Structure formats: C-alpha cells, structure tokens
1. How far, in nm, would the chain grow between residue 224 and residue 137 when pulled straight, counting 0.36 nm per residue and subtracting the alpha carbon separation?
2. Can you give me the Cα centroid spacing of region 221-293 and region 42-106 in angstrom?
3. Students often check this: by mean Cβ neighbours within 10 Å, which of 84-92, 102-110 ranks highest, and how do the rest follow?
4. Mind pulling the angle between the C-alpha long axis of helix 10-22 and the longest principal axis of the chain? Nearest 10 degrees, somewhere in 0 to 90.
5. According to the square roots a ≥ b ≥ c of the eigenvalues of the Cα gyration tensor, what is the shape class of region 209-335, taking rounded for a/c under 1.5, prolate for a/b larger than b/c otherwise, and oblate for the remainder?
6. Can you pull the three principal axis extents for the Cα set of region 45-177, in Å, largest first?
7. If I stretch the segment between residue 145 and residue 181 completely, what's the gain in nm (0.36 nm per residue apart, minus their alpha carbon distance), one decimal?
8. Using Cα pairs closer than 8 Å and at least 6 residues apart in sequence, work out the relative contact order for the chain, in percent.
C-alpha cells in the first residue's frame, strides 16, 4: 500500500541547506550485492523491520525444522536461527542467536497485551500447544480476520496467510518490549548529498525490464540553534550498464513498492526510524535521487549516526517483498 505524499517543511529545507557544513564524512563501499550488517542483535527494532525480516524468510522459501540453528538471517551469515515457530520469532526480532528461545520460555521475553492492542510484530502464543505465530495486520474492520507469519510444521515453508481470529482463540497476545513504532519520514525531492557517505549497493535484476543499479547516501546533522539531531537516507538509481542484461526496456513499472527507512542511532542503538515510499519516483524516472529525512529534538549526549535499510517488491514477479538491505557506516556526530 502506498504511503501518503509528504510535503517538505521549512525545517527540512533548513537541514538541506546546512548539509555541507554539518556533515562529518566516513566513506565505506561494501562488496557488490552483499547486504551490510544490521544494528547489533538484541537491540531495539521497529515493527517494519520485523515484518521485512520475516518477508526475507518467506522470499527465500525457508523450510520448517526443529533440528538446529541452520538458517541465516538476511544480514549476517554468522547469525543462524532454528527455522521452527519460536526460532522464526527469534530471527524476526533480531534477538541474540546464541539465546535458547522456545515456546516454553517466550513468556519471559515478552509482555502480555490485549488482543485489541495487537500490532505488526507482536505474537500469538499458546505455551500448552507449543506454538507461536507473528501478527502482521487485521484484514477487516471487524478484526475477525488477520494476516500472520507462521512456521507450521515439517514439509511446510515459513509462510504468511490470512486466518480467522477464532482459529487462535486459545492463544495469548504478547509483545516484545524492544519493539517500537516507526514514523513517517519527510521526502526530499532533490537532496543535497555533499559530504554524505556513499554506498554502491546492488543491481536489481528485473524480469522483462532493464535492470536498475542502486546506491545510497547516509547523512547526519546537528542543529545547534534548535538543539536537534537529524539524518537523511538517500537512494540513487540509474539504468544498469552491464552487458549481461536481458532487456533494454526502461519501464515505468519497476516496483510494486520501494520503502526507505532511515534510523537515527545513539551509540548504535536505534532511537527513531522513519519510512518513505519511493515507488512512484523510481517507476516514473529512469534515474534520480530522493531522500528520506527524520529529526530528534533535544538529543542525548553520545555518538549519533544515520544508518537504516530499504526493501522493495519487484513489479509482477509474484515473489512479494525481499528482505531488508541494511545501510551502515554512516557519518558520526559526537554530542
């Protein structure tokens, strides 16, 4: 679903004007096509990131197993989780992979909530039945049908499905205390990337369309007049120029969704995460740049960085959203 169009505030324009003077630079270029690492496991995590991490396992057709921690998450081949119901929860919340998490002790990692308070990334747990699923969203206004993520049993891949609430009437709604809500970011149509970190990210291989190259800029700022810290995650895209492309068609329908999530982090812990949908901009333009800006007033002393992630759904491929592509190595602001 597309997010609402966001206007550029005067404050956002002020931030852009300050960019060249306010940004400390650190340049890193990751290996081609390799996702950067996420924030350390066990830290705060947004609901959007939880859903995107689950979508990665769905996209990769991960098969259910209770045998061992055999499947990596999206950001680190050293992070391996057990692909059963509780292991899927542990992966989605980006918990420490060395923890022994199972349905019998998930209550100790969560708080009880009312069914009416369920949000994306919360769980439905039945300790007696030894099963847990992850809530995604309500599918009707009456809240009698819902979309869930689930690792069911052997011979079944981790999946997402729409179910009747009554099917889980014996389950308790519970919440991970480190999960938080994101906010709408401010879209910047022509971002100034002077002094920002640059990362060449990957080539998106499109079916029946010319492939798209992607890069990002990450920028952090401090506004002393307003005592606020801000950050912007910028996406740059252009037609792929390699010789192995199977199409020369530059289409206006590249993606069914392209979401960008800047994260303002204090000492590597995410304090605020924004979200912008660049689908229309990337679809309608063969090349360009666009930024997503967030700010925090009255920041705590420490080292602030702007990291984040993005995810996308290739148009008409029938595969759904791919997992998060993490962006790290951002400029530091020491307050």
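1. Numbers: separation 87, 0.36 × 87 = 31.32 nm, distance 4.02 nm.
Extra length from residue 224 to residue 137 when fully extended: 27.3 nm.
2. 26
3. Working: 84-92: 25.6, 102-110: 15.2.
Ranking, from highest mean packing down: 84-92, 102-110.
4. Once rounded, the angle reads 70 degrees.
5. Values: a/c = 2.66, a/b = 2.47, b/c = 1.08.
It is prolate, given that a/c is not under 1.5 and a/b is the larger ratio.
6. 42, 29, 29 Å, listed from the longest principal axis down.
7. On the way: separation 36, 0.36 × 36 = 12.96 nm, distance 2.22 nm.
Difference between extended and current length: 10.7 nm.
8. Values: 835 pairs, mean separation 72.3, N = 335.
Computed value for the chain: 22 percent relative contact order.
FYI, it's all coordinate maths here, none of it is from the lab. Being a predicted model, the structure only gives us computed values, none of them experimental. Methodologically, a virtual Cβ is constructed for each residue, glycine included, from the backbone with ideal geometry; neighbour enumeration extends over all protein chains shown.
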